[in-house]
């Protein structure tokens, strides 16, 4: 479904680690008419790649916990997440997923299964997450992990038994969207 969009003006409000853009636009409505002009903002932060590291023999999932300032005010501040990273210009999502698996969790991963891509907050941000699954085992753990100190990363590696993961989902202790998507996919896969 391609509908018309008329961008009438565009203003860059911030251009640092993130870009914040405000546009005035009109868009084609469901009845075919054009909307009145409206102001909309978009946070441009780039795309990310995330990887669900799962040891099917041990029935363990490897997650990471790190401080996330935007979650501090409403809690928890330190979030339990899948391994993930920003896709910089010129890099492919699967390469980023592999690199982050090693940097954050210490795993050397070759084979990835794509679980798709999705927008996290399409009402305000252009960010997409490319999500992957990798079956791992202890022989694939080649580094300590924990992130890159020069990037300010201070990452705790958490190995959780599947039963503990399911309880964490049921108790709403996991609040990161990409992690919820990945773990719910695994739960459906394990019990279907």
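Values for this structure:
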item: Answer from 115, 169, 131 - the residue that is assigned to a helix (DSSP H, G or I), surrounded by 12 or more Cβ atoms within 10 Å (Cβ to Cβ), within 19 Å of the chain's Cα centre (by Cα) and in the same structural domain as residue 94 (by TED's automatic domain parsing); result: 169
item: Residues being in a loop (DSSP other than H, G, I, E, B), closer than 22 Å to residue 174 by Cβ and touching a helix residue (DSSP H, G or I) at 6+ places or on another chain (Cβ under 7 Å) - total across the range 61-108; result: 2
item: Some residue of the range 137-155 being in a helix (DSSP H, G or I), free of Cβ contacts under 8 Å to residues at least 24 places away in the same chain and either farther than 19 Å from residue 65 by Cα or touching a strand residue (DSSP E or B) at 6+ places or on another chain (Cβ under 6 Å) (or both); result: yes
item: Boolean, residue 68 is modelled with pLDDT under 95, surrounded by 12 or more Cβ atoms within 10 Å (Cβ to Cβ), under 30 Å from residue 111 (Cα atoms) and in the same structural domain as residue 164 (by TED's automatic domain parsing); result: yes
item: Extreme residue, surrounded by the most Cβ atoms within 10 Å (Cβ to Cβ), among residues of the range 175-190 that are touching a helix residue (DSSP H, G or I) at 6+ places or on another chain (Cβ under 9 Å) and under 18 Å from residue 133 (Cα atoms); result: 183
item: Within the range 181-192, considering residues that are in a helix (DSSP H, G or I) and over 14 Å from residue 62 (Cα atoms), the one farthest from the chain's Cα centre (by Cα); result: 191
item: All strands (runs of 3 or more DSSP E) inside the range 1-60 with 2 or more residues being more than 24 Å from the chain's Cα centre (by Cα) and touching a residue at least 12 places away in the same chain (Cβ under 8 Å); result: 5-15, 19-27, 38-44
item: Which numbered condition residue 118 fails, given (1) modelled with pLDDT under 95; (2) under 30 Å from residue 89 (Cα atoms); result: (1)
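The values are calculated or read from the model by the stated rules, or taken from the named source; none is laboratory data. All of these numbers come straight from a predicted model, not from anything done at the bench. Positions of Cβ are generated from backbone atoms using ideal geometry, with glycine treated the same way; all protein chains shown enter the neighbour counts.
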